[in-house]
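The values are calculated or read from the model by the stated rules, or taken from the named source; none is laboratory data. This is a predicted model, so every value here is computed, not measured. Here the Cβ is made from the backbone with ideal geometry for all residues, glycine too, and neighbour counts use every protein chain on show. Side chains are part of the model used for accessible areas, which takes the heavy atoms of the whole protein and leaves out ligands, DNA and RNA. Shrake-Rupley method; radii C 1.70, N 1.55, O 1.52, S 1.80 Å.
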Amino acid sequence: VEIFDVGRGPAAWTAWASIAAACLLTSGCGPRDTRVECSGTVTYAGEPVEEGSISFVPLAGGSRSEGAVITAGRYTARVQPGRHRVEIRGSRPLATKVIASDMPGGIREDYIPAEFNDASTLEAEIPATGPHPLFFDLPGR
């Protein structure tokens, strides 16, 4: 008893290739996304970080850094579980006498000290289940 006969020749190869591709796509043999959603707020000197970024750098290695944009003091990122060093950056317009047309977007300054970004000692443990809230209240100078 023949249930399915695709025959021989180029048409048969196309049919078998299509069946194989469908099996691979539906079997989930691609890499599984194990990242966990992390969201929260970031303040500096008691004020929300209006514009900036947050990065999660794995301490154990083996996976890449993940990050997100901070807008109005809030962020949402997808991060691999484990222990991470956290780097937070914030920028704001710098009050200068430069004419706005000279610099599109104006001149900005990074105002969060290096102890919270390039030389950060901030750490966070990301559990394997989520979503996971993380709040950062950075003291100002």
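No other residue among LEU138, LEU122 is modelled with pLDDT of 90 or more, closer than 14 Å to HIS84 by Cα and open to solvent by less than 80 Å² (accessible area, probe 1.4 Å) apart from LEU122. Residues in segment 56-81 that are in a strand (DSSP E or B) and either more than 19 Å from GLU109 (Cβ to Cβ) or at pLDDT below 95 (or both): PHE56, VAL57, PRO58, GLU66, GLY67, ALA68, ARG74, TYR75, THR76, ALA77, ARG78, VAL79.
If I filter segment 82-110 down to residues being in contact with a Gly (Cβ under 6 Å, 6 or more places away or on another chain) and modelled with pLDDT of 95 or more, which single residue comes out as least open to solvent (accessible area, probe 1.4 Å)? Among those residues, the one meeting the criterion is GLY90.
One residue stands out among those in segment 33-55 that are of a type in the set (Gly, Ala, Ser) and within 16 Å of the chain's Cα centre (by Cα): the one that is nearest to TYR111 (Cα to Cα), which is GLY52.
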